[in-house]
Amino acid sequence: MAEVIVVGGGVGGMVAALLLARDGHDVRIYERLPRLGGKLAEHRRAGFTFSIGPSLLTLPGLFLDLGVPLDLLELDELCRYRFADGSTLSTYRDPERTAEAVDRLAPGEGRNWRAFHRWAERCLDASTRTFFAGPPSGPVIEPPFRPAGGRPGDRPGRSAGGPAGGPADGQPGGPLPRPRLGDLAAVAPGRTLHALAGRFFRDARLRQYADRYATYAGSNPYRAPAALGCVPAIEHGDGGWYVRGGLPRLADALAASLGEAGVEIRLETEITEVVADAERVGGVRTALGEVVRADIVIVNADAAALYGRLLPDRARLRRIARLGLSSSAFLMLAAVEGRTEGLPHHSVVFSADYRREFGDIFDRRRPPEDPTVYIGCPAVADATQAPAGAESWSMLVNVPAGDPARWPTPPEAYAELVLDRLASRGHDLSGRLRFLDLLTPADLRDRYGAWGGAIYGGAYGGPFAPFRRPGNRGPRRGLYLVGGSAHPGGGLPLVAMGGRIVAALVRRDLPRSGRRPEEARR
């Protein structure tokens, strides 16, 4: 079996490491930070806990099928949207309840939402057989989930936190997905997400609601491909979930599974070079100068960091640069006195002009003057996240990747602008703040090595942008990429799929004789 090194302990790298260790390989993870999980992290202060990464789990079966124990809470109300005119829309796990809520907001549009949801299901079904099953060169794994039946939500163990009823070793089973003739048409090639929204909805508020799915990939709905509209099929199919104790408990559970599988974990150890000749990798070099030999190197870091620093490659770095950066995040972590009546776990307060907002982010490269604000308040369902009689609010504004020192408004002043906008739209925190901590794109850049603090690496700009992202195989034999900047993209479900894809590629590329790759070629 092979010696495998994973550079970076994000979720994608952890999934790949777990699967390969269960295959019998000797696996080590090197992580620069003091804990595993990457952006799946939290900030604690004075009894308050804030998620500073993902705050909603979808497709939990991707983890339950690996035997990772999770204590899950399913959300009935997925999100509450407040529009600039003061109207609101609540979306629910049950698609029919959501359609009825849409009809209450805009009479007659419920039928259109049902049609939109049916389209999303077809798009997801096609994507599962193709894009989510492997790199553009072709599928390598079984469907990571089954949107048409056999969903993780139907498997035992999800609510009690036990493992799902999959194979005992966590390995996928079943036939490879086979693309169908109509799969390309099912994802509306050549159409933007905003054009798709216009096809289904007459009401401008519902078009804004549909456009928001571009932000799940840090992208501009006026340029992003329509295929991002498949997200509602995931949310209303497998639901939205919260991990009790906060989503970073998922990283803790994965870390425990890695330990049980015999993975060696080296924390606070920085890798400065992928050692390779012109043909294949040979290992890595640590910041202390130690060279560690490996047959396989999986880089769970920003692809720009790989090709800019770890294994310099100007041509590939230029291709990444041509994609353009995804958006970054301005995080406002608010310790709020008192309890807010009727506040849901997740809510979005929309701007009045979405096109202008995305023009600020992607064209003018400045924080939006009228921002959309996401509010996550886990204290609604989890008393461990805030002291009694208080709430922890994680507020996120999409901003351009880059140095905040170049913003026309300093971060502290911009936070005041955001609070003023929220107050004018029904969320006045005046006199209720115990403290307000800020995280900017510079913090994300410095903590995680993300280029400019971009959350998802390259943006999805143009209909074929998803296929221009860095692939999972690197330019040397034995080199693989996983994480939000590589195929299939960012967010918990996609990086978990990426980990499965990389493990499947390694299985395909390594000889099955049990000999090391160089021995098998003799």
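Here are a few things to note about the model shown:
- Tabulated pairs, segment 405-424, first in contact (Cβ under 8 Å) with a residue 40 or more places away in the chain, second crowded, with 19+ Cβ neighbours inside 10 Å and assigned to a helix (DSSP H, G or I), C-beta under 7 angstrom, 6+ apart or interchain: Trp407/Tyr414; Pro411/Pro404
- Checking each residue in segment 109-126 for being open to solvent by 10 Å² or more (accessible area, probe 1.4 Å) and touching an Asp or Glu at 6+ places or on another chain (Cβ under 9 Å) picks out Arg111, Asn112, Arg114, Asp125.
- Residue match in segment 336-345 (condition: part of a helix (DSSP H, G or I) and touching a Lys or Arg at 6+ places or on another chain (Cβ under 9 Å)): no
- Each residue in segment 355-364 was checked for being surrounded by fewer than 23 Cβ atoms within 10 Å (Cβ to Cβ), in contact (Cβ under 8 Å) with a residue 24 or more places away in the chain and of a type outside the set (D, E, K, R), and 1 pass.
Conditions tested, residue by residue: (1) farther than 30 Å from Glu74 by Cα; (2) of a type in the set (A, V, I, L, M, F, W, C); (3) surrounded by 17 or more Cβ atoms within 10 Å (Cβ to Cβ).
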site	(1), (2), (3)
Arg366	yes, no, yes
Glu369	yes, no, no
Thr384	no, no, no
Pro408	yes, no, no
Ser430	yes, no, no
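- The residue list Glu264, Glu290, Glu268, Glu260 contains one member that is modelled with pLDDT of 95 or more and on the phi > 0 side of the Ramachandran plot, which is Glu268.
- Selection status of Gly12, in a helix (DSSP H, G or I) and touching a residue at least 24 places away in the same chain (Cβ under 8 Å): yes
- Filtered by the rule that a residue be touching a helix residue (DSSP H, G or I) at 6+ places or on another chain (Cβ under 6 Å) and open to solvent by 10 Å² or more (accessible area, probe 1.4 Å), segment 199-215 gives Phe200, Arg207, Gln208.
Yes/no per residue for (1) within 14 Å of Ala133 (Cβ to Cβ); (2) modelled with pLDDT under 95; (3) surrounded by fewer than 22 Cβ atoms within 10 Å (Cβ to Cβ):
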| position | (1), (2), (3) |
| --- | --- |
| Pro463 | no, yes, yes |
| Arg469 | no, yes, no |
| Gly474 | no, no, no |
| Arg477 | no, no, yes |
| Tyr480 | no, no, no |
| Val495 | no, no, no |
| Pro511 | no, yes, yes |
| Pro517 | no, yes, yes |
| Ala520 | no, yes, yes |
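- Filtered residues of segment 389-403 (kept if assigned to a loop (DSSP other than H, G, I, E, B) and either more than 26 Å from Ala321 (Cβ to Cβ) or of a type in the set (Lys, Arg) (or both)): Gly389
- When the criteria are applied in full, Thr384 fails the requirement of being among the polar types (S, T, N, Q) and within 23 Å of the chain's Cα centre (by Cα).
- The sole residue among Glu391, Glu357 that is modelled with pLDDT of 95 or more and over 22 Å from Asp211 (Cβ atoms) is Glu391.
The values are calculated or read from the model by the stated rules, or taken from the named source; none is laboratory data. Predicted model, so just to flag it, every value in this text is computed and none were measured. Cβ atoms come from the backbone with ideal geometry, glycine included; neighbour counts cover every protein chain shown. Just so you know, the surface numbers come from the protein's heavy atoms only, side chains and all, with ligands and any DNA or RNA stripped out. Shrake-Rupley method; radii C 1.70, N 1.55, O 1.52, S 1.80 Å.
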